[in-house]
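Read through the structure below, which is laid out as structure tokens, and then see the notes.
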Amino acid sequence: MEDVVAIGKTPTTLAREFEERLSKYVKEPLVTVIVDGFVGPIPEQIRVIGEAAQPRALPYRADMTLLDVMIAVGGLTKYAAGNDSVIVRTAQGEQNTYSVHLNSLIRDGDIESNVALRPGDILIIPQRLL
């Protein structure tokens, strides 16, 4: 069977398409599609790269903060230079970089380091020099 494009389709529409394709091989196929995880388009994601325990893209939610993201990615690795981390944010076509202090937030409980995130932000957590 060929690949099926799922982008822009509802689970029901996708299931009907699978049923149609499977009908060549199975009499009256019944397909259910369940969305297990949805990250969304890149402009609506928060992407975490570097020394997070589980670096990945996360779906943005309203009022999401740095602490929410760190909980979702399992915190920092033992090699992380948390206080040297940055958020890369693009607004009106211009890219800006903001320093964030993850060690202060996570290990010291400095709530002032818990900044609000925006859709499309990239959190970069560098490795510390050993």
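All of 9, 78 fail the test of being open to solvent by 50 Å² or more (accessible area, probe 1.4 Å), more than 18 Å from residue 127 (Cβ to Cβ) and of a type in the set (Lys, Arg), apart from 9.
Inside the stretch 98-128, residues that are in a loop (DSSP other than H, G, I, E, B) and in contact (Cβ under 8 Å) with a residue 40 or more places away in the chain make up a count of 9. The condition (being buried (at least 16 other Cβ atoms within 10 Å of the Cβ), of a type in the set (A, V, I, L, M), in contact (Cβ under 8 Å) with a residue 40 or more places away in the chain and within 23 Å of residue 110 (Cα to Cα)) is satisfied by just one residue among 69, 73: 69. Under the condition of being over 26 Å from residue 76 (Cβ atoms) and among the polar types (S, T, N, Q), which residue from the stretch 23-57 is surrounded by the fewest Cβ atoms within 10 Å (Cβ to Cβ)? Among those that are over 26 Å from residue 76 (Cβ atoms) and among the polar types (S, T, N, Q), it is 32.
The values are calculated or read from the model by the stated rules, or taken from the named source; none is laboratory data. All values reported here derive from a predicted model rather than from experimental measurement. Glycine also receives a Cβ, built like all others from the backbone with ideal geometry; neighbour counts cover every protein chain displayed. In case anyone asks, the SASA skips ligands and DNA or RNA and just uses the protein heavy atoms, side chains included. Shrake-Rupley method; radii C 1.70, N 1.55, O 1.52, S 1.80 Å.
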